[in-house]
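Single-structure report; data block below.
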Amino acid sequence: MKNILVTNDDGIYGPGLWPLLKELKKISNVIAVVPERERSGTSHSITLHKPLRVKEIEKNIYIANGSPADCVKYAVRALSKNGIDLVISGINSCPNLGQDIVYSGTVAGAREAAILNIPSFAISVSEEQKGIFKTAANISANLARKIFDSDFPYHIYLNVNIPKNIKGISITSLGRRIYDQKIEARTDPRGKRYYWLSGKYLSGVRKKGTDITAVQNGFISITPLHLDPTARDLFGVFDKWTNDLS
C-alpha cells in the first residue's frame, strides 16, 4: 500500500484537514504532520533559529511548531520509516491562484516535497461552503490514484483549486490577482504605532487559460509548477549587459 503524507498551513484545526484524512485512508497509509496553529502566508520559510518541536496527538497525526515546509522536511527525513510516495498539502480554506503561490504556505508544502523528489500537490477551495471539503477530498483521492498509476515527473508539483460549482477540469497557467496595497496604521493603548497589511482581494485579471479564469468559470484548475523559475528566454537580453558589468 502506498504512503501519503498530508500537511497544510491552516493548522491542526483547519476545516479541510479531517475530511481529507478520512478520504485518503480509504486508499493508502496516511501520516499527517501539520502546524500547531495557522501558518498562512509563511511561504517557504523554514525553522533555523529555534528548535522544531513535534508532538503526536493521535496515531500518525502530528503537530509541529514550524511551517508547512518544516513539516514536510521533518516527516520525510526523520519520521517516515517506509518512505513517502506522495505529499498532499491542504485542503486550504481559500484559493491559491496566480501570485498567491509565492506567499502560500500550502503551496510551499507541495514545493518542499518536489525539492525532495516526491510527487506532490497543493489543493485549495475557492470558498468555504457546505460539502466543499468533502468534494475536494474526493478529488484529492482520485488525483492521488492517478499519480500512483503514472510516471510522475521529478521536480514538478501541482497546484489545484476547486471552484464553487464544478463544471469540469482545466490544465492552466498562473494568472494575476490584484490586491489592495493599503497599509492601515493604528495606535496601541501605549501610544505606539503599528500596522496591518490588509491584502484585501480586489479582482483577478481574466485571461484565457489561467487558473483564475478557470475557477471563475466553474472549472477545477490544475497548474503544473516547476522548481526551476529561470527565465531562459531572456538570456539574450541580459547577455548584452555583461561587457558593461565586467
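The values are calculated or read from the model by the stated rules, or taken from the named source; none is laboratory data. It should be emphasised that the depicted structure is a prediction, and the values quoted were computed from it without experimental measurement. Virtual Cβ from ideal backbone geometry, glycine too; neighbours counted across all protein chains shown. Only protein heavy atoms, including side chains, enter the accessible area calculation; ligands, DNA and RNA are left aside. Shrake-Rupley method; radii C 1.70, N 1.55, O 1.52, S 1.80 Å.
Pairs meeting the criteria (first residue in the range 13-25 and under 20 Å from R39 (Cα atoms) and of a type outside the set (A, V, I, L, M, F, W, C), second residue open to solvent by 30 Å² or more (accessible area, probe 1.4 Å) and not in a helix (DSSP H, G or I), beta carbons under 7 Å, at least 6 apart or on different chains) are P15/E128. For residues in the range 114-156 being touching a His at 6+ places or on another chain (Cβ under 9 Å) and not in a loop (DSSP other than H, G, I, E, B), which is farthest from S221 (Cα to Cα)? Within the range 114-156, the match that is farthest from S221 (Cα to Cα) is I115.
If we scan the range 214-223, do we find a residue that is open to solvent by 70 Å² or more (accessible area, probe 1.4 Å), modelled with pLDDT of 95 or more and under 16 Å from A122 (Cβ atoms)? No: zero hits. Within the range 174-195, the set of residues being crowded, with 17+ Cβ neighbours inside 10 Å and modelled with pLDDT of 90 or more comprises L174, G175.
Within the range 43-64, residues that are closer than 21 Å to I4 by Cβ sit with their Cβ atoms under 9 Å from residues that are among the aromatic types (F, W, Y) and surrounded by 15 or more Cβ atoms within 10 Å (Cβ to Cβ), at 6+ positions apart or across chains, in these pairs: V54/Y62; V54/Y74; K55/Y62; E56/Y62; Y62/Y74; A64/Y74. When the range 157-198 is filtered for residues that are farther than 23 Å from S126 by Cα and outside any loop (DSSP other than H, G, I, E, B), the ones remaining, listed by number, are I183, E184, A185, R186, T187, R193, Y194, Y195, W196. For the range 120-149, which residues satisfy the criterion of being at pLDDT 95 or above, open to solvent by 20 Å² or more (accessible area, probe 1.4 Å) and not charged (D, E, K, R)? Matches in the range 120-149: F133, T135, N138, I139, N142, L143, F148.
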